[in-house]
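Student: Here it is, the structure, as structure tokens.
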Amino acid sequence: MPIVRIDLVRGRDQALLVRLLEEVSRTVAQTLDTPIERVRVVINEVDPQLWGIGGVPYSVARGAAAADGAGADGAGADQASAGGSRP
């Protein structure tokens, strides 16, 4: 039974998270040639103050990125990327 864990900074719309769950489930089932009923997906939302990037909270790192345009948005920080934009 495949289990997929996705960690995201809190703030996305619930409908978007449901769509993510559906699409990840479908993709895993197709890729592994297993029934979708066997696929498990867990989406964990983390408070931005408890998500660290470079030793500082996400909210601080995002603020610095916006100020200098450096893009310190935590790219690669989510364990699974499914596209879309971060809050």
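The values are calculated or read from the model by the stated rules, or taken from the named source; none is laboratory data. Computed from a predicted model, the values in this text were never measured in an experiment. FYI the Cβ positions are ideal-geometry reconstructions off the backbone, even for glycines, and counts take in every protein chain you see.
Residues checked against (1) surrounded by 13 or more Cβ atoms within 10 Å (Cβ to Cβ); (2) of a type in the set (K, R); (3) within 15 Å of L8 (Cα to Cα); (4) touching a residue at least 40 places away in the same chain (Cβ under 8 Å):
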| position | (1), (2), (3), (4) |
| --- | --- |
| Q30 | no, no, no, no |
| T34 | yes, no, no, no |
| V39 | yes, no, no, no |
| V42 | no, no, yes, no |
| Q49 | no, no, yes, no |
| I53 | yes, no, yes, no |
| S59 | yes, no, yes, no |
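Student: Limited to the stretch 1-33, what total is found for residues that are in contact with a Leu (Cβ under 9 Å, 6 or more places away or on another chain) and in a helix (DSSP H, G or I)?
Tutor: Residues in the stretch 1-33 being in contact with a Leu (Cβ under 9 Å, 6 or more places away or on another chain) and in a helix (DSSP H, G or I): 2 in total.
Student: So, one more: Picking from D33, D7, D13, D47, which residue would you name as being modelled with pLDDT under 95 and acidic (D, E)? Please lay out each step first, then the result.
Tutor: Details: D33 fails: modelled with pLDDT under 95; D7 fails: modelled with pLDDT under 95; D13 fails: modelled with pLDDT under 95.
Selected residue: D47, the only one of D33, D7, D13, D47 that is modelled with pLDDT under 95 and acidic (D, E).
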